[in-house]
1. Looking for whichever is within 26 Å of B:ALA26 (Cβ to Cβ) and not small (Gly, Ala, Ser) here; the options are A:LEU90, A:LEU105. Which one fits?
2. Going by the structure shown, is B:GLY28 modelled with pLDDT of 95 or more and either crowded, with 16+ Cβ neighbours inside 10 Å or near DNA strand D (Cβ under 10 Å from one of its atoms) (or both)?
3. Go through (1) surrounded by 19 or more Cβ atoms within 10 Å (Cβ to Cβ); (2) modelled with pLDDT under 90; (3) under 17 Å from the mean Cα position of the chain (by Cα); (4) not small (Gly, Ala, Ser) for A:THR54 and report which single condition fails.
4. Hey, any hits in the range B:153-164 for a residue that's away from DNA strand C (no atom under 12 Å from the Cβ), closer than 19 Å to B:ASP69 by Cα, within 14 Å of chain A (Cβ to nearest Cβ) and at pLDDT 90 or above?
5. Could you please let me know if B:GLY111 is small (Gly, Ala, Ser), under 15 Å from the mean Cα position of the chain (by Cα), at negative phi and surrounded by 18 or more Cβ atoms within 10 Å (Cβ to Cβ)?
6. Residues that are within 16 Å of DNA strand D (Cβ to nearest atom) and at positive phi: does the range B:46-55 have at least one?
7. Just to be sure I understand the filter: pairs with C-beta atoms under 6 Å, separated by 6 or more residues or on different chains, first member in the range B:140-153 and among the β-branched types (Val, Ile, Thr), second member modelled with pLDDT of 90 or more. Which pairs pass?
Number of protein chains: 2
Amino acid sequence: MTEPDHDPGPGLAPEQVATYFALTEAAGALQHHVEQHLRAEIGLSAIQFRILATLAEAGGRLTMTELADGVVYSRSGLTYQAGLLEKAGLVTRCPSPDDERSTLLALTDEGLARVEQAMPGHVAVVKRLLFDPLSEADLAALGDIMARARDHMRAQPPRSAAPRKRRPASEPE
Amino acid sequence: MTEPDHDPGPGLAPEQVATYFALTEAAGALQHHVEQHLRAEIGLSAIQFRILATLAEAGGRLTMTELADGVVYSRSGLTYQAGLLEKAGLVTRCPSPDDERSTLLALTDEGLARVEQAMPGHVAVVKRLLFDPLSEADLAALGDIMARARDHMRAQPPRSAAPRKRRPASEPE
DNA sequence: AGAATTTGCTTCGAATTCGAAGCATGATCT
DNA sequence: AGATCATGCTTCGAATTCGAAGCAAATTCT
């Protein structure tokens, strides 16, 4: 499971493949465990927790597009989850005062309370699974690397295959 | 996006939260881009490619459980995907000579060819998105860290989530 | 040996996800 | 101003996913 035997072709380092697979599998396993924990503890799916946490970080209110952009999610999926969360009383949907067509998702007090209730145990699980075998230096390096990778991916222009996409300039107005 | 304003509680470093979020978001974005590329290039979903690649790494044959264990996937989902892949002629299902109840998934020549066809472009996308902003030292550090994290997660026993795994609970439901 | 427990996989039903199409609002052009 | 295009969200249908239940083979216990 450590060294692939196929021929990846010229100029491609198998070390990168191994790193990528390790990253993907670890991230998948981590997500799985986190999902289990969140659902068992406070009855939220990982994506729901992520939505609420992103809202909390942003100060409580975001438009659907900003939110979907932040959680790397499809618009329709976000609509579905927003409906669930609204029905659960954790968020409210207000029309934006600026753009009538935009919908602002706002965190309710209960929603914020839920996030704060979930956060310690959530982080504890992540700590145990991800950060336990890592040193301080590892943590710093990983944080630095992943932040850089994330920013790089955010800066990636949308693929040309998309029929209707946002403007190439990802600059907020 | 750097420092959440909520109170995570005592003993929990916000740096870890930031690292975890960066990791999750980057992994999610990477997975999304990879999914797009794989589907557009060779008509495989990410999970299908992962199954085929895992099979190739293992020498061509694995049981369903070993495979599901390797790709962190549900058994039923793997059954579904195995059906699709078998119908596509990329794998075959043979009963195990050792255990009659076990099903061995075997990679066909076409399946192996598909993996090898997909691998270069796949790695190129990963390279561009993930490894482009990283130095050699970053790559080595990331590979080391993620491999350690993955092994640690693999070693994690299922908490109490397992319904009826090994121990016959004296409390029937 | 025979019965009970365990293990491995598949089927089933419900929930979730996504892209495309549809609808409404804002911006731009003439 | 009116028309046209662009943007934001939602609905819709199909595909995928998961856990629980079900079934067959193997191991263990008596």
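1. Selected residue: A:LEU105, the only one of A:LEU90, A:LEU105 that is within 26 Å of B:ALA26 (Cβ to Cβ) and not small (Gly, Ala, Ser).
2. no
3. Only one criterion in (1) surrounded by 19 or more Cβ atoms within 10 Å (Cβ to Cβ); (2) modelled with pLDDT under 90; (3) under 17 Å from the mean Cα position of the chain (by Cα); (4) not small (Gly, Ala, Ser) is unmet by A:THR54, namely (2).
4. no
5. So B:GLY111 does not fit the description; no.
6. no
7. Within 6 Å, the pairs are B:ILE145/A:ASP138; B:ILE145/A:LEU142.
Every residue, every condition in (1) more than 14 Å from DNA strand C (Cβ to nearest atom); (2) touching a helix residue (DSSP H, G or I) at 6+ places or on another chain (Cβ under 9 Å), yes or no:
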position: A:GLN31; (1), (2): no, yes
position: A:ALA53; (1), (2): yes, yes
position: A:THR63; (1), (2): no, no
position: A:GLY70; (1), (2): no, yes
position: A:ALA82; (1), (2): no, yes
position: A:SER96; (1), (2): no, no
position: A:ASP99; (1), (2): no, no
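The values are calculated or read from the model by the stated rules, or taken from the named source; none is laboratory data. Values in this document were obtained by computation on a predicted structure and should not be read as measured data. For neighbour counting, all protein chains shown are included, and Cβ atoms are generated from backbone atoms with ideal geometry for every residue, glycine included.
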